[in-house]
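Contents: one structure, followed by commentary.
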Amino acid sequence: MSAISIEQNLSEARLKELGVSHWPIWEKEVSEFPLDFDETETAYVLEGEIIVTPVGGEPVRIVPGDLVVFPEGLETDWQVVKPLRKHYRHG
């Protein structure tokens, strides 16, 4: 199974190329919950902080400005440390 990948410090050109500003926004309060991905999700974090721990893997800290890819089939536990606001797309 693939791991979480993170791209940091994206340029405005890269964000525009991806069309991030047109992706839907998802928000979540401080909480902890399991989250399994039945399809690949790409997310760009606008606000907040999360610790995502793949089942059987090491925790990954995700902060504003990170572009994150969660591969299809990934099973995770999420800890939202600071209220989260992110753009996302599936596929």
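The values are calculated or read from the model by the stated rules, or taken from the named source; none is laboratory data. Remember, it's a predicted structure, so these values are computed and weren't measured experimentally. Using ideal geometry, Cβ is built from the backbone for each residue, glycine included, and neighbour counts are taken over all protein chains shown. Heavy atoms of the whole protein, side chains included, go into the accessibility calculation; ligands, DNA and RNA do not. Shrake-Rupley method; radii C 1.70, N 1.55, O 1.52, S 1.80 Å.
Of note:
- Of all residues in region 78-90, none satisfies being in contact with a Pro (Cβ under 6 Å, 6 or more places away or on another chain) and open to solvent by less than 90 Å² (accessible area, probe 1.4 Å).
- Residue among GLY57, GLY65 that is surrounded by fewer than 18 Cβ atoms within 10 Å (Cβ to Cβ), out of contact with any strand residue (DSSP E or B) (no Cβ under 6 Å at 6 or more places or on another chain) and on the phi > 0 side of the Ramachandran plot: GLY65
- Test: residue in region 11-21 that is open to solvent by less than 90 Å² (accessible area, probe 1.4 Å) and touching a Leu at 6+ places or on another chain (Cβ under 6 Å): no
- Unique residue being modelled with pLDDT of 95 or more, of a type in the set (D, E, K, R) and touching a Pro at 6+ places or on another chain (Cβ under 7 Å) when the list is GLU7, GLU47: GLU47
- Scan of region 22-54 for residues that are surrounded by 14 or more Cβ atoms within 10 Å (Cβ to Cβ), hydroxyl-bearing (Ser, Thr, Tyr) and farther than 10 Å from ARG85 by Cα, ordered by number: THR40, THR42, THR53
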